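What follows is a short report on a single structure.
What follows draws every value from the coordinates through simple rules; no lab data is involved. These numbers were taken from a predicted model, which means no experiment stands behind them. Note that we place each Cβ from the backbone using ideal geometry, even for glycine, and neighbour counts take in every protein chain shown.
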Amino acid sequence: MKNDLRKAIAKIISAGFQISPEALDLLSRKENAYEITCKVIESLSKMKNKPLIITPEIISNFDVKEKGEDEELIDIRQIKLEEVILFDPTEHIFTESDITGFINYFVSRFKKIRRILMSERFDVRGAITIKQARNWSTNRREKVKIIGMIANKKKTAGGGLILELEDLTGVINAIVSERNRELLNKAEKVIKDEVVCIEGNVTGDVILVSDIMWPEIPIASRRIRGAPERIYAVLISDLHIGSRFFMRSAFNRFILWINGRIGTENQRKIAKRIKYIIIAGDIVDGIGVYPGQEKELLVKDLKVQYKMAAEYLAQIPEHITIIIIPGNHDATRQALPSPAIFQEYAAPLYDMKNVKMLGDPAYIKLYKTTFLITHGKSLDDILAKVPGVRYDRPAEAMIELLRRRHLAPVYGERTQLAPEAKDLLVIEKIPDVFHAGHVHTYGYLNYRGVLIVNSGAWQEQTDYMKSMGVKPNPGKATIVDISTGRIESVIDFSEKHEIEIPI
């Protein structure tokens, strides 16, 4: 297989094309990589306006079967459903309204992530409290480890950093020297309110930092075999129905494809194996979500927006289960965790037999594959606070949430948090697939065995997006093989990509 991939790469280079990292990753998982590449090059060479870069969408459209693989397609309607809602916040939200509620919330966060650090990271064992560290003899040369929450972060006069670390026993300043550039770069990625382990030497009332350890996720050593057949889930988000910029034509093509009426031969075969569609929020555009939104609305009645959404989704075959969580444009509590979209506004969706309405975040198990679904509101804060992450690479920002084992680590910025008695946003269970949206840019990565997908949007660039500098790349659907937890295909339904969907 490696030789086949090397031949494929050589073919691409010799033909004068480049290949994106995502497309290379997709190609590397194909048994017939060279055969697919030959088909791609042959087709692209005939085009007047040739693309410079081969994308995952292009690879997906020429994924031909090897000889002997033309088995009769299964009847997806006969496959028994195996789905378990592992967690839905709708039934667990009991907000504490006073200051005590926030105290309990952050104590819960600290205890949960401290337990994760202590149990899952061998190099954190032996950590002591801040009170114990203050009593540490300055004559002892060995380093200490302290698990704490970042209460504040500021620069020193010399260009170093002071991290104010807090636990249940006290507060201590952790000093990161400007002389250790590698460690300083690491410390600059630390954000307020996250829980980390600091290692260093105690001197008086401070600790001189030698290392910083995040909770992280372990490297997966398993291979999922979650379904009796190769059956698929489609990941999409951010439809924004009701907006003048909702991509009606693209979404209609999506519906035609999922009904098996358009697409390449391979894409139609994929459509016949779809059992689930998972929508990560912002079903509608909502009302009064951002300044000047009224000018960008086609429909200015929230209930009518949801009625339109139900009319679109009703065209999807009933044997496909549609799982929906809310986004910040939907009718729900804006503070995280959020309950399911309010039935008062979205009654037509609740009336559909094949629709499941869940809150944000939600954990679901489809056969043996675990999906963590969140809209991704907190990505705004991650993108603003963590150096090096960018809007056009949303999957990298999602990695930062996994590393911190929290879906919204920053408090007091753009993401509203509700003072629940327990912090329900801690990532205690490691998913096989982590799905979000919100930022309107598409991307996916595999991180330590977890498939990360930000499924983009179905809304063109609005005037508000232009003012915010957001350049969407919408109209994509990600198809995940439930039996492996890996991407089978990415299909682009936007008008710019007629090669992907020949009608």
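For LYS7, which lysines qualify as cross-link partners when the Cα separation must be under 21 Å and same-chain residues fewer than eight apart are set aside? Within the straight-line limit of under 21 Å, LYS7 reaches these lysines: LYS30, LYS39, LYS65, LYS67. Legend: Rg and Dmax of the chain, from Cα coordinates, 24.3, 77 Å.
The THR156 and GLN416 beta-carbon pair, evaluated with R₀ = 51 Å, returns a calculated FRET efficiency of approximately 0.95.
Between ILE241 and VAL284, ASP285, the built amide H atoms are under 5 Å apart, and every one of these is 5 or more places off in sequence or on another chain. Partner lysines whose Cα lies under 17 Å from the Cα of LYS422, excluding those fewer than 8 positions away in the same chain, are identified as LYS111, LYS112.
Here the 3J(HN,Hα) profile of the stretch 82-94, calculated from phi with Karplus coefficients 6.51, -1.76 and 1.60 at θ = phi - 60°, is 9, 10, 10, 7, 6, 7, 9, x, 3, 8, 10, 8, 9 Hz, Gly and Pro shown as x. With a threshold of 31 Å on the Cα-Cα distance, the over-threshold entries among LYS145/LYS385; LYS353/LYS466; LYS272/LYS377; LYS50/LYS365; LYS385/LYS429; LYS153/LYS429 are LYS353/LYS466; LYS272/LYS377; LYS50/LYS365. Relative to the Cα centre, the charge distribution of the stretch 122-213, modelled as +1 at Lys and Arg Cβ and -1 at Asp and Glu Cβ, gives a dipole magnitude of about 200 debye. For the chain, a crude dipole built from +1 on the beta carbon of Lys and Arg and -1 on the beta carbon of Asp and Glu, taken about the Cα centre, is about 1260 debye to the nearest 20. Distant-in-sequence amide contacts of LEU417, defined by a placed amide H-H separation under 5 Å and a gap of 5 or more residues or a different chain, comprise LEU336, GLY412. Taking N as the residue count of the stretch 416-503, its C-alpha radius of gyration divided by 2.2 N^0.38 Å amounts to 1.36. 3J(HN,Hα) couplings calculated from phi for the stretch 439-449 with the Karplus curve 6.51 cos²θ - 1.76 cosθ + 1.60 (θ = phi - 60°) are, in sequence order, 8, 6, 10, 8, x, 8, 8, 10, 10, 6, x Hz; Gly and Pro show x.
Taking every alpha-carbon pair under 8 Å whose residues sit at least 6 apart, the stretch 2-61 reaches a relative contact order of 46 percent. Only helices reaching 30 angstrom along their own axis (Cα) with mean Kyte-Doolittle hydropathy no lower than -0.5 count here, and for the DSSP H runs of the chain these are 99-120. Taking amide hydrogens as placed 1.01 Å from N in the peptide plane, the amide H of GLU488 sits under 5 Å from those of ILE479, VAL480, ASP481, each at least 5 positions away in sequence or on another chain.
Calculated FRET efficiency, LYS300 and LYS269, Cβ-Cβ r, R0 41 Å, to nearest 0.05?
0.50
For the chain, relative contact order (Cα pairs under 8 Å, six or more residues apart, normalised by length) works out to 18 percent.
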